[in-house]
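The values are calculated or read from the model by the stated rules, or taken from the named source; none is laboratory data. A quick note: this is a predicted structure, and the numbers were derived from the prediction, not measured. Neighbour counts run over all protein chains shown; Cβ positions are idealised from the backbone, glycine included.
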Amino acid sequence: MVARISSYILALIFFASGGAKLLSLPFEIEAFVRWGYPIEFMYLTGIIEVFGALGLLITRLSSLSALCLGGFMLGAIGTHFVHKEWLMLTVASLIMLTAFWRAWSGREEIKQFIIRQRNQ
């Protein structure tokens with residue numbers, strides 16, 4: 001039950017974040033320009049976040065999606081660290097830890113998913 005709730009919370013976070021990027025909200029554009037990233041990277045990041053959020057809502061994929069999104073957050077953490085954005089570094093780290101916890105709690109699901117893919 002806790003794993004499912006954490007999947008919903010993470011999905012909400014990644015839908016909101018990815019949606020803001022795909023809608024080209026001014027604060028997202030300003031951030032990517034400040035970091036020196038091309039605008040296309042903002043859209044790619046948004047697409048990954050939205051698809052990851054969808055994966056979190058699909059029971060068979062939620063653990064694997066959490067694992068992938070946790071790894072994806074390493075990029076955000078690195079960016080915030082390099083630019084000395086300590087509050088956002090903390091937020092990104094908490095999201096990453098939550099995603100990795102969700103993946104760890106569903107490690108058996110990930111294992112079964114990989115086995116099913118190998119047998120096809």
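Could you list, in sequence order, the residues of the stretch 1-37 that are among the basic types (Lys, Arg) and under 26 Å from Arg102 (Cβ atoms)?
Arg4, Lys21
Run down Ala20, Ala11 and say which single residue is modelled with pLDDT of 95 or more, within 23 Å of Gln117 (Cβ to Cβ) and surrounded by 13 or more Cβ atoms within 10 Å (Cβ to Cβ). Break it down stepwise before answering.
Numbers: Ala20 fails: within 23 Å of Gln117 (Cβ to Cβ).
Answer to the selection: Ala11.
What do you reckon, is Gly52 in contact with a Ser or Thr (Cβ under 8 Å, 6 or more places away or on another chain) and either closer than 22 Å to Leu94 by Cβ or touching a residue at least 40 places away in the same chain (Cβ under 8 Å) (or both)?
So Gly52 passes the test.
What pairs can you find where one residue is in the stretch 105-120 and modelled with pLDDT under 90, the other is not in a helix (DSSP H, G or I), and their Cβ atoms are less than 7 Å apart, with a gap of 6+ or different chains?
Once the first residue is modelled with pLDDT under 90 and sits in the stretch 105-120, its partners that are not in a helix (DSSP H, G or I) give Phe113/Arg60.
Which residues, counting only those in the stretch 83-120, are among the hydrophobic types (A, V, I, L, M, F, W, C), over 20 Å from Leu57 (Cα atoms) and touching a helix residue (DSSP H, G or I) at 6+ places or on another chain (Cβ under 8 Å)?
Once the filter is applied, which keeps residues that are among the hydrophobic types (A, V, I, L, M, F, W, C), over 20 Å from Leu57 (Cα atoms) and touching a helix residue (DSSP H, G or I) at 6+ places or on another chain (Cβ under 8 Å), the stretch 83-120 yields Trp86, Met88, Leu89, Ala92.
Restricting to the stretch 7-39, name every residue that is assigned to a helix (DSSP H, G or I), more than 17 Å from Phe72 (Cα to Cα) and not hydrophobic (A, V, I, L, M, F, W, C).
Passing the criteria: Tyr8, Pro26, Glu28, Glu30, Arg34.
(1) free of Cβ contacts under 8 Å to residues at least 24 places away in the same chain; (2) over 15 Å from the mean Cα position of the chain (by Cα); (3) part of a helix (DSSP H, G or I): which one isn't true of Ser93, the others all being true?
Here Ser93 clears every test but (2).
One line per residue, one yes/no per condition, for (1) surrounded by 14 or more Cβ atoms within 10 Å (Cβ to Cβ); (2) under 13 Å from the mean Cα position of the chain (by Cα); (3) among the hydrophobic types (A, V, I, L, M, F, W, C):
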position	(1), (2), (3)
Ile5	no, no, yes
Ser24	no, no, no
Thr45	yes, yes, no
Leu61	yes, no, yes
Ala66	yes, yes, yes
Thr98	yes, yes, no
Ala103	yes, yes, yes
Lys111	no, no, no
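Going residue by residue through the stretch 63-79, is there one that turns out to be closer than 19 Å to Ile114 by Cβ, among the polar types (S, T, N, Q) and either in contact with a helix residue (DSSP H, G or I) (Cβ under 9 Å, 6 or more places away or on another chain) or in contact (Cβ under 8 Å) with a residue 12 or more places away in the chain (or both)?
yes
Pick out the one residue from Arg102, Arg118, Arg60 that is more than 17 Å from Leu10 (Cβ to Cβ) and of a type in the set (Lys, Arg). Outline the logic, then answer.
Details: Arg102 fails: more than 17 Å from Leu10 (Cβ to Cβ); Arg60 fails: more than 17 Å from Leu10 (Cβ to Cβ).
Answer to the check: Arg118.
Kindly evaluate Ala53 against the criterion of being within 22 Å of Ser6 (Cα to Cα) and modelled with pLDDT of 95 or more.
On the way: within 22 Å of Ser6 (Cα to Cα): yes; modelled with pLDDT of 95 or more: yes.
It is true that Ala53 is within 22 Å of Ser6 (Cα to Cα) and modelled with pLDDT of 95 or more.
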